[in-house]
Structures are given as C-alpha cells and as structure tokens.
Amino acid sequence: MSDERGKPRGQRPSGGRGRGQSGSSGGSSGRGPGGRGAADRGGRGGSPGRGAARGRPERGGRSDRGRADRTEPRTETQQRYDGPPLPEEITGRELDRSVLAQLKGLPDKLAQRVARHLAAAGQLIDEDPETAYQHTLAARARAGRLAVVREAVGESAYAAGHYAEALAELRAAKRMNGATAYLPIMADCLRALGRPQEALKLARNPSVAGFAPEAKAEMTLVEAGARRDLGQLDAALRVLELSPLTSKSRAAWVVRLRYGYADTLEAAGRDGEALAWFHRTHAIDSDQITDAAERADALEKRQG
C-alpha cells in the first residue's frame with residue numbers, strides 16, 4: 001500500500017525517505033562498511049583441526065577430523081562477521097573523505113575492510129538494500145564503536161525495512177555524535193512500528209527548525225503521515241499547508257511535498273483540489289519520482 005509519499009513504506013525514493021548519506025558524520029555510511037574476515041582472527045569458526053594446522057596427521061585419525069572441521073558450515077554469527085562477498089573493484093576509496101577520516105583510528109587493514117564494506121553497501125542500498133544491510137552488519141562487527149558505522153547500519157536497515165533495527169542503530173549513532181539529522185528517519189521508523197505519537201514528539205524537536213529545506217520537508221511528510229496514521233486528516237493537511245508547497249524550486253523535496261498534499265487531499269475526499277495538486281506535482285516532476293500523472297488520470301476518469 002502506498003503512503004502519502006508516493007512510494008510503498010520502506011522503499012527509498014530518490015532524495016527522500018532514508019536519504020542515504022544524511023547526518024553530521026560526513027555523509028553517513030559513505031554507502032558501505034567492512035573489516036577483517038574470521039580467518040584474520042586466527043581462524044575462528046570452521047578452522048582446520050590442530051593436526052591439519054601443523055601440516056601432519058595426529059594419532060587416532062585426528063587429520064580426518066581436521067578435514068571435517070574445514071567443511072563445517074559457518075555459523076550465523078560467523079557469516080554476519082564475514083559479510084557478503086566484496087567485489088575486487090571496490091577499494092573503499094569510493095567513500096567521502098569525511099567518512100574515511102573517521103576510520104583512521106582503526107588499524108590500516110581493518111580500516112580498509114570496513115571502508116570496502118561501507119562502499120559496497122552504498123552502491124547496493126537502492127537496488128539491493130538487504131545485501132547492503134548485511135555489508136553494514138559486517139562493518140559493525142568490526143568497528144561498532146564508530147558513529148559513522150552505526151549510522152550506516154541504521155540507514156541500510158531502514159532501506160531494507162528493518163525498522164526496529166534502524167531505530168536502535170540511529171539512536172546509538174546519535175548518542176555517539178549528537179547529530180539530529182537522523183530525526184526524520186527515526187520518526188518514520190516509529191510510524192512504521194505503529195507508534196505515531198512518538199513520531200510526532202520527534203517532529204516537534206527544536207532542532208528541526210534549523211534543518212535544511214530537504215530535511216525539513218522530510219520531517220513535514222513524516223509528521224503529516226503520523227497525523228494520518230491517527231486518522232487526523234485535517235491536521236495532516238494543516239501540517240502540509242504550512243510547508244513551501246508553492247516554492248518555485250523543482251527539487252525532489254518540493255515534488256514530494258506537493259505529492260503528499262495531493263494524496264492527503266484525495267484521502268480527505270477533496271478530489272477536485274487533489275487533481276489540481278497532482279497536476280502541479282507532475283509539472284515539476286521531471287525525474288518521475290512520483291506517479292502523479294497516473295494519479296491525476298485516475299481521478300479524472302473517476303470524475304467522469
């Protein structure tokens with residue numbers, strides 16, 4: 001079921017829900033994480049038996065047991081630590097400099113592995129958010145004390161629809177670095193978890209007033225959505241009417257504000273006004289991030 005943003009809950013529209021690399025940590029995940037494999041920790045998990053490790057069989061067939069150990073499936077914890085395979089072409093240098101700077105406190109090899117996982121997650125987060133999430137979990141297993149890593153896990157979890165995990169990780173990142181840019185995503189997670197009242201509390205956070213226009217629009221959409229969750233359509237419309245709906249900008253955040261307003265008007269039974277705003281949305285939606293044209297056509301057919 002689509003919400004007032006023109007995308008099903010959990011999908012990340014361009015320039016919208018989830019916002020990819022928002023946050024004060026310099027672009028957040030830089031789109032990906034990483035670290036050492038289990039073998040780097042001394043062969044923990046699935047490592048060969050002692051005899052095999054020494055290069056000679058032990059008494060009583062210990063070498064056979066060593067071979068069996070090597071073929072045992074890895075545990076879920078070990079698989080999470082290893083993470084998905086890393087393409088050779090991903091070096092970690094794809095990350096924003098501010099993200100790389102936050103990894104400098106790690107040993108070189110560890111920092112490189114974490115960076116590669118973060119970069120891989122960034123490349124996958126739109127097309128395969130679940131795999132991106134697994135990459136960030138691999139990064140967290142190695143560098144969970146870094147805010148930039150926890151932010152990456154939170155954003156990829158959000159993109160993959162793991163809202164409870166996303167909320168927990170972004171709260172952790174916020175405790176570490178004090179950033180407030182995560183608030184719109186955190187509020188939307190609360191909506192997804194059926195806690196709209198708590199989402200509204202975050203929307204009233206004083207720092208929202210100082211947000212950049214895009215982030216402020218995100219919070220406006222979440223706040224209006226929370227009002228709709230509570231059945232308060234008139235209140236949702238008032239929230240949206242206080243936003244810059246008539247801005248001359250063609251930025252994605254303006255497109256999505258207009259779409260949200262049109263969608264809420266239709267939900268309130270004000271089809272004529274909704275039609276006008278779907279047309280006004282389509283007029284500036286050059287990247288087609290919404291289905292405003294289709295919604296307008298459907299309304300026109302319904303009106304006869």
Legend entry - Residues of segment 267-290 satisfying the condition of being buried (at least 17 other Cβ atoms within 10 Å of the Cβ) and within 24 Å of LYS216 (Cβ to Cβ): ALA274, TRP277, PHE278, ARG280, THR281, HIS282, ILE284, ASP285, ILE289, THR290
Inset, instruction - Check ARG140 against each of (1) at pLDDT below 95; (2) under 19 Å from LEU86 (Cβ atoms) and name the one condition it does not meet. - result: (1)
Inset, instruction - State yes or no: is ARG250 of a type in the set (Lys, Arg), within 26 Å of GLU266 (Cβ to Cβ), touching a helix residue (DSSP H, G or I) at 6+ places or on another chain (Cβ under 7 Å) and surrounded by fewer than 22 Cβ atoms within 10 Å (Cβ to Cβ)? - result: yes
Inset, instruction - Assess whether LEU190 counts as being modelled with pLDDT of 95 or more and part of a loop (DSSP other than H, G, I, E, B). - result: no
Inset, instruction - Please find, among PRO206, PRO196, the residue that is over 23 Å from the mean Cα position of the chain (by Cα) and closer than 19 Å to LEU170 by Cα. - result: PRO206
Inset, instruction - With respect to LEU100, determine if the residue is over 17 Å from VAL153 (Cβ atoms) and not in a loop (DSSP other than H, G, I, E, B). - result: yes
Legend entry - Residue list for segment 88-128, filter: under 15 Å from LEU146 (Cα atoms) and touching a residue at least 60 places away in the same chain (Cβ under 8 Å): SER98, VAL99, LEU100, ALA101, GLN102, LEU110, GLN112, ARG113, VAL114, ALA115, HIS117, LEU118
Inset, instruction - Mind telling me which of the residues GLU155, GLU169 ends up being in contact with a Lys or Arg (Cβ under 9 Å, 6 or more places away or on another chain), buried (at least 24 other Cβ atoms within 10 Å of the Cβ), over 18 Å from GLU94 (Cβ atoms) and at pLDDT 95 or above? - result: GLU169
Inset, instruction - Please give the number of the condition SER286 fails out of (1) assigned to a helix (DSSP H, G or I); (2) farther than 27 Å from TYR182 by Cα. - result: (1)
Inset, instruction - Considering (1) closer than 30 Å to GLY210 by Cα; (2) of a type outside the set (Phe, Trp, Tyr); (3) buried (at least 23 other Cβ atoms within 10 Å of the Cβ), say which one ARG116 fails and leave the rest. - result: (1)
Legend entry - Pairs where the first residue, in segment 282-294, is β-branched (Val, Ile, Thr) and the second is at pLDDT below 95 and buried (at least 17 other Cβ atoms within 10 Å of the Cβ), C-beta under 6 Å, 6+ apart: ILE289/PRO13; THR290/GLY6
Inset, instruction - Determine, yes or no, whether LEU167 is of a type in the set (A, V, I, L, M, F, W, C) and farther than 18 Å from THR136 by Cα. - result: no
Inset, instruction - Can you tell me which residue among ALA139, ALA147, ALA121, ALA111 is in contact with a helix residue (DSSP H, G or I) (Cβ under 9 Å, 6 or more places away or on another chain) and farther than 16 Å from ALA173 by Cβ? - result: ALA111
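The values are calculated or read from the model by the stated rules, or taken from the named source; none is laboratory data. Please read all numbers here as calculations on a predicted model, not as lab measurements. Reconstructed Cβ throughout: ideal geometry from the backbone, glycine too, with neighbour counts over all protein chains shown.
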